[in-house]
Amino acid sequence: MVCAIRALLDFCYIARRDVHDTHTLTALDDALQRFHHHREIFRESGIRMDFNLPRQHSLIHYLKLIRAFGAPNGLCSSITESKHIKAVKEPWQRSSRFEALRQMLLTNQRLDKLAAARVDFTERGMLKGTCLSSVLDQIRSTNFYCIIWLFFELTIFVTIRDDRS
């Protein structure tokens with residue numbers, strides 16, 4: 001088991017290098033072959049019967065992809081998983097399961113529009129404070145005495161109107 005884990009860690013550390021040459025790619029392939037050889041102990045001991053895991057399957061493509069596109073420079077597959085949860089799993093849970101794809105696309109479209117509106121409102125300064133703080137700021141910016149006088153006149157008007165009733 002230790003040999004399998006060591007081989008997997010060797011693979012991970014080699015794959016994360018910034019620069020690869022023929023020696024590091026050979027070491028990467030060797031580490032992957034050692035992992036595939038030593039992982040059988042997990043099956044034999046009954047700990048794990050299958051190894052059909054998506055991230056583990058992607059390991060066999062690393063060598064070819066590094067040759068084609070260069071070093072992954074710390075690529076993390078959990079980024080795509082978190083995006084999958086936001087774009088697929090959460091909208092699926094919100095759907096009624098009837099024509100779910102249509103509902104999921106509509107949900108994602110609405111969430112994108114809300115995010116764009118939030119960015120726009122933030123740029124315009126519309127999300128600063130609350131409604132009450134906005135009104136108080138307007139009151140402070142106007143002539144405070146004028147507002148006091150208006151409030152006093154309204155109080156007298158309401159009192160006179162109530163007396164006549």
Query raised in the report: How high is the FRET efficiency between W92 and L9 when r is their beta carbon distance and R₀ equals 35 Å, given to the nearest 0.05?
Result: 0.50
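Ratio of region 2-74's C-alpha Rg to 2.2 N^0.38 Å, to two decimals?
Details: Rg = 12.9 Å, N = 73, 2.2 N^0.38 = 11.2 Å.
Cα-based Rg divided by the globular estimate yields 1.14.
What is the ratio of the Cα radius of gyration of region 78-123 to 2.2 N^0.38 Å, with N the residue count, to two decimals? Spell out each step's value before the answer.
Working: Rg = 12.3 Å, N = 46, 2.2 N^0.38 = 9.4 Å.
Cα-based Rg divided by the globular estimate yields 1.30.
No lab work stands behind these numbers, since they all come straight from the coordinates. From a predicted model like this one, the values you see are computed outputs, not experimental measurements. Glycine also receives a Cβ, built like all others from the backbone with ideal geometry; neighbour counts cover every protein chain displayed.
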